[in-house]
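Q: One structure follows; several queries about it will come next.
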Amino acid sequence: VDVSADSLPIIDFALVGQQKCGTSSLWHYLRKNSDIYPLAGKKETYAFCIDRAAVPRCDNLLQEYIDKTERDRASERAQGRRVYLGDFTSTHFACPCCPATLKLLNPGLKVIIMLRDPVFRAHSRFVEQVQFRTLNHTQPGQPPGFNARANTTSFAAYVDWVVGQTEACLQRARAREGALARRLTMECYMRDHVIGFSVYDSFVLNYLEHFPDKQVLVVYMEDLAAEPLRVLAQVEAHIGVPHFPYSADDVGTVFNAHGAYGWGHALNSSHPRKGGLEWASTPADSNATAVLAAVERLRRFFAPSVQRLFALADEGRITRVPQAWRAIYGKSAMLGGNPLAALLSAKG
Ligand SMILES: Nc1ncnc2c1ncn2[C@@H]1O[C@H](COP(=O)(O)OS(=O)(=O)O)[C@@H](OP(=O)(O)O)[C@H]1O
């Protein structure tokens, strides 16, 4: 294997997010494969974007980023190894300028996007942020997002406030045309890392505009939960890295789940739980009817975006979307009652 510096790209692949879609589990599973090396040895470089209505950091010095990749390449080269160097940052997805920046670093970059049922993703982020008491925080020097002004620990109240703010923002964005309208639309979604970050289509299309379809792999948390070995093989084939024979134990653990937050935390195997497939309760939401109404509002809010993903999948541009999503967000599903209601009884 030619491991000389000139023959290798600056970076081989990027897992760009989305945050709260199972990125910690994927990161832990892939780390078993010693041919994969995460840039700077970490999850979350935050090199070009961080969350909380942050204006992205795509103007960060690229030479500094390149220096880091060269240090990693040099240490691996010293061992005569060709590793596949990846940037694992779950906030590079909801970031208008990130694809162009990553493309500068490697036009042949393999991009991996992980998605998850958007209502469950939004709720997962909300539960985590309430528990951490960071829901209203903003990054220093950054403009506040809609969430910064929603002073509540109730999911139902939060949905009410943020969906209203986002809809008003979108109305202004849509009064513009073409690329400007698309950019302003992404800005509206970026302003809320709970609900806005669950609107996936604009950000998927943003990556597809910059990279050929075959360089962008979309995977789904529900598929990772159901068939981890198949999804891992799909990811490895996409990166082009030799396959690692993961054991059932390697992939049987769920990381960073409610009840055991932290990128390095695994769900205790003596209390088998379903992680993100299970709805966590929020103490401030004792009124089940109000929660159901909020979930239904969100389902209707997300449906057009999810339907655009169905279209991309039907055109063969992205991986087939989990069948369950069609039953929840498909056009005919929107004519009936809320199929998510049955899933909300489980307590996390
Ligand atoms: N294999 C599997 N099966 C079921 N659920 C899973 C799995 N892997 C991750 N998860 C759920 O994904 C949520 C954590 O996502 P991330 O690791 O991307 O979060 S973070 O962005 O790094 O903070 C977190 O969701 P919540 O528990 O709803 O918070 C995890 O439980």
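All of the numbers you see were taken from the coordinates with simple rules; none came from a lab. In this text the structure is predicted, and so the values were computed from the model without any measurement. Cβ placement follows ideal geometry from the backbone for every residue including glycine, while neighbour counts extend to all protein chains displayed.
Q: Divide by every residue of the chain the summed helix terms, -39500 (n - 2.57) for each DSSP H run of at least 4, and state the resulting mean residue ellipticity at 222 nm, rounded to the nearest 500 deg cm²/dmol.
A: About -13500 deg cm²/dmol.
Q: Continuing with this model, one more query. How much length, in nm to one decimal, is gained on full extension between Arg176 and Leu335, taken as 0.36 nm per residue of separation minus their Cα-Cα distance?
A: Here the answer is 54.2 nm.
Q: Right, next: Counting only DSSP beta bridges with both residues in the chain, tell me the antiparallel percent, nearest 5.
A: If I count the DSSP bridges inside the chain, around 10 percent turn out antiparallel.
Q: Still on this structure, please answer the following. On a C-alpha basis, how far is the centre of region 165-191 from the centre of region 77-151 in Å? Whole number, if you could?
A: Here the answer is 20 Å between Cα centres.
Q: Determine which lysines satisfy two conditions relative to Lys42: a Cα distance under 25 Å, and not lying fewer than 8 residues away in the same chain.
A: Correct list for Lys42: Lys20, Lys32, Lys68, Lys103, Lys110.
Q: ³J(HN,Hα) across region 328-337 via Karplus (A = 6.51, B = -1.76, C = 1.60, θ = phi - 60°), whole Hz, x for Gly/Pro?
A: 9, 10, x, 4, 6, 5, 6, 7, x, x
Q: Express the relative contact order of the chain as a whole percentage, based on alpha carbon pairs under 8 Å and six or more residues apart in sequence.
A: Computed over the chain, the figure is 21 percent.
Q: Another question, then. Note down the Stokes-Einstein diffusion coefficient of the chain in µm²/s, whole number, using a Kirkwood radius over alpha carbon pairs, 37 °C, and 0.692 mPa s.
A: The Stokes-Einstein estimate is 158 µm²/s.
Q: Using r as the Cβ-Cβ distance of Arg183 and Leu61, and R0 as 22 Å, what FRET efficiency do you calculate, to the nearest 0.05?
A: It comes out at approximately 0.40.
Q: Okay, moving on. How do Ser34, Ser281 line up, fewest other C-beta atoms within 10 Å first? If you can, show how the numbers build up before the last one.
A: Details: Ser34 10, Ser281 16.
Ordered by Cβ neighbours within 10 Å, fewest first: Ser34, Ser281.
Q: Normalising by the residue count of region 191-299, find the relative contact order in percent from Cα pairs under 8 Å and 6+ residues apart.
A: The value is 11 percent.
Q: Quick one: Karplus J couplings for region 282-291, per residue in order, coefficients 6.51, -1.76, 1.60, θ = phi - 60°, nearest Hz, x for Gly and Pro?
A: For region 282-291, the Karplus-derived couplings read 10, x, 6, 10, 7, 8, 4, 5, 5, 5 Hz, x marking Gly and Pro.
Q: What is the order of Phe126, Phe132, fewest Cβ neighbours within 10 Å to most? Walk me through the intermediate numbers first.
A: On the way: Phe126 26, Phe132 10.
The fewest-first ordering by Cβ neighbours comes to Phe132, Phe126.
Q: Also: Compute the angle between helix 62-78 and the longest alpha-carbon principal axis of the chain, please, reported from 0 to 90 degrees and rounded to the nearest 10.
A: Long axis of 62-78 versus the principal axis of the chain: about 50 degrees.
Q: Also, quick follow-up: Working out 0.36 nm times the residue gap between Arg297 and Ala327, then minus their Cα-Cα distance, what length gain in nm do you get to one decimal?
A: Net length gain for the segment: 9.2 nm.
Q: So for Val16, Val218, Val162, fewest C-beta neighbours within 10 Å to most, what's the order? Kindly include the intermediate steps, with their values, before the conclusion.
A: Working: Val16 29, Val218 21, Val162 25.
Least to most surrounded, the residues fall as Val218, Val162, Val16.
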